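Structure first, then comments.
The values are calculated or read from the model by the stated rules, or taken from the named source; none is laboratory data. Keep in mind that what you see is a predicted model, and the values were worked out from it rather than measured. Every residue, glycine as well, gets a Cβ built from its backbone with ideal geometry; the counts of neighbours run over all protein chains shown.
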Amino acid sequence: MLESLVIKNFVIVDHLELNFPSGFSSLTGETGAGKSILIDALSICLGQRAGNDLIRKGEDRADITSTFNIDNNAQAILWMQENAFEHDDSLIIRRIINVDGKSKAFINGTPSSVSQLKELSEFLVDIYSQNAHHSLIKPSTQKDILDSFSQSQGLAAEVKKTYLTWINLFKEYEAFAKNREAFVSELEELEEKYKDFIALEFSLESWELLKAEHKVLNNSAELIVGTQQCLDLLDSSDKDSINEKISTLKNYLLSLTKLDDKLVDKVSTLEGSALEMLELSRDLNRYLQSLEVNEGEKKDVEAKVESTFNFLRKHKVTPEELDSLSVQWKLRIDGLATLLNESDNCEKVDGARKSYDLLADQLSSTRQEASTKLSAKITDKLNQLSFKNAKFDINLKRCEPSSNGNEQVEFLIATFLGAELRPIQKVASGGELSRISLAIRVSSITDTDVPTMIFDEVDVGIGGSVAEIVGKLLKTLSQLDNRQTFVITHLPQVAAQSDNHFRVSKQLKGDQTSSSIELLDKQARVSEIARMLGGVEITPTTIEHAKEILG
């Protein structure tokens, strides 16, 4: 429900703050007072295209903020959740239009795109205006109205789901049939490549170890000579060996400790070094023994290294890529193997088509039954709204299977006796289309529909008793599931039926014109209805007539 609207520097409005109660509200005023300001400002706030010509003269930007209560609006809440906007019971939408033509949009304080405003507005407000094609002329809306009336939205969603499943399987199968030979060739190539990969017993860790082992084997002769030289320096019969010199040095120090005890620590240090040198000698001896070359082992390592390098070159991959690529190859092999099981694919496609046909036929049957009932209800309402002998019909035109089912839903109307049934947007004028929309909405409304509806001059071309009926229908519409209905009207019979009456007026401030809107109390409302009934002069008789209309 629309709770408030704040308009700043918009066209002829400098600053306007409006709070809207629930129920049926009317907006009246002199011609040119700016009654359409509410619709225009709200439309801009909800994502309609806007230019800098809408900014009040002398100002650098227009600013519009609308507040909605979405406590019971499941569709709006779901949209907010899916688009990651924070929300509670209140929804605040703001649109700023700058003098350079650029605009900014916010949803609950978070920046948003204009397209997001448009998406969200579909669940908040429906505007029926003579100057704009509203949602009821869209085939998708007509379909949704019929499905909502027949309470088959869930079935329609299942039809869409099964259609997408079937069509995706069908496309996959078509692609398979067209490219079967290419798939077979790809599978054979992948299987051969993957077989060669398995034979390598490759992993990045084992590859690094293999390269290190290969390096050692290739340089084993040089390593043997070098290690032996180290051992000769460390420990040999020659008195110049390191170990022999350490031993001699130790004896010298020991003799000196008899002269000075402070040299005892130095002897301990030297003994530690002597032990480390002995341990190093043993380690080098063990290492030297390990370097004995096994020609068979060397050939095996060289063969493995060569085969790995050949594989990498052949398939133009690096060792670092090979592990992850091998996983992708295996997945593709499994996928192609499944795809090439042709009989299994045919069964899946056929099964998906049967599931779609079953649900789509159920939906068609439900729509057919509902269309007859809804057509009759709308025709009755149209006859009440000065469309005497008019006929409304919902045409279910058979079409190729689609996500919407096996038929296109189209609203048709004949506005006079003997006229041919034609699509509503091709037959009705602006005023007629508003009244037709009113008849459709009153007849088909459900608890899933948009909670706020605004009708712009639905009373064009009518008067008398028909005007009173329009007012009563609008009031009825607002009472269904606690809806909120607005009407911009010139007819006192319509305005008198409203729960809340707003008057739009225009004042001259300096060299600029300003528009304002105020909620009327009981006495002011009598005066406004009298103005709408009377001419230039409001007589006591006119006042009494106004009181009578208001009841």
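Numbers for the structure displayed
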quantity: Filtered residues of the stretch 388-426 (kept if at pLDDT 90 or above and basic (Lys, Arg)); calculated: Lys391, Lys397, Arg398, Arg422
quantity: Criterion violated by Cys346 - all others in (1) surrounded by 11 or more Cβ atoms within 10 Å (Cβ to Cβ); (2) modelled with pLDDT of 85 or more satisfied; calculated: (2)
quantity: Count of the stretch 60-91 residues which are hydrophobic (A, V, I, L, M, F, W, C) and assigned to a helix (DSSP H, G or I); calculated: 6
quantity: Residues of the stretch 40-61 satisfying the condition of being of a type in the set (A, V, I, L, M) and either within 27 Å of the chain's Cα centre (by Cα) or crowded, with 22+ Cβ neighbours inside 10 Å (or both); calculated: Ala41, Leu42, Ile44, Leu46, Ala50
quantity: All positions within the stretch 329-343 that are at pLDDT below 80 and closer than 11 Å to Phe176 by Cβ; calculated: Thr338, Leu339, Leu340, Asn341, Glu342
quantity: Within the stretch 312-333, tally of residues that are farther than 14 Å from Lys193 by Cα and charged (D, E, K, R); calculated: 2
quantity: Any chance Asp238 is assigned to a loop (DSSP other than H, G, I, E, B) and either modelled with pLDDT of 75 or more or farther than 30 Å from Ser324 by Cα (or both); calculated: yes
quantity: Pairs with Cβ under 6 Å, 6+ apart, first in the stretch 34-58 and within 13 Å of Val125 (Cβ to Cβ), second part of a helix (DSSP H, G or I); calculated: Leu46/Leu117; Leu46/Ser121; Gly47/Val114; Gly47/Leu117; Gly47/Lys118; Gly47/Ser121
quantity: Test: Leu291 is more than 30 Å from Ser203 (Cβ to Cβ), over 48 Å from the mean Cα position of the chain (by Cα) and of a type in the set (A, V, I, L, M, F, W, C); calculated: no
quantity: Verdict on Val327 being in the same structural domain as Glu208 (by TED's automatic domain parsing) and part of a loop (DSSP other than H, G, I, E, B); calculated: no
quantity: From Ala212, Ala199, Ala221, residue being modelled with pLDDT under 75 and either within 30 Å of Ser326 (Cβ to Cβ) or in a helix (DSSP H, G or I) (or both); calculated: Ala221
quantity: Filter result for Leu2 (within 17 Å of Arg483 (Cβ to Cβ), surrounded by 21 or more Cβ atoms within 10 Å (Cβ to Cβ) and touching a residue at least 60 places away in the same chain (Cβ under 8 Å)); calculated: yes
quantity: Residue satisfying condition, being surrounded by fewer than 20 Cβ atoms within 10 Å (Cβ to Cβ), at pLDDT 90 or above and among the hydrophobic types (A, V, I, L, M, F, W, C), within set Ile64, Ile12, Ile96; calculated: Ile96
quantity: Enumeration of residues in the stretch 474-532 that are surrounded by 15 or more Cβ atoms within 10 Å (Cβ to Cβ), out of contact with any Phe, Trp or Tyr (no Cβ under 8 Å at 6 or more places or on another chain), among the hydrophobic types (A, V, I, L, M, F, W, C) and closer than 25 Å to His15 by Cβ; calculated: Phe502, Val504
quantity: Options Leu223, Leu217; residue that is under 16 Å from Ala303 (Cα atoms), assigned by TED's automatic domain parsing to the domain that holds Gln328 and either surrounded by 12 or more Cβ atoms within 10 Å (Cβ to Cβ) or small (Gly, Ala, Ser) (or both); calculated: Leu217
quantity: Residue in the stretch 126-147 that is of a type in the set (A, V, I, L, M, F, W, C), in contact with a strand residue (DSSP E or B) (Cβ under 7 Å, 6 or more places away or on another chain) and outside any helix (DSSP H, G or I) present; calculated: yes
quantity: Selection status of Phe183, surrounded by 16 or more Cβ atoms within 10 Å (Cβ to Cβ) and not in a helix (DSSP H, G or I); calculated: no
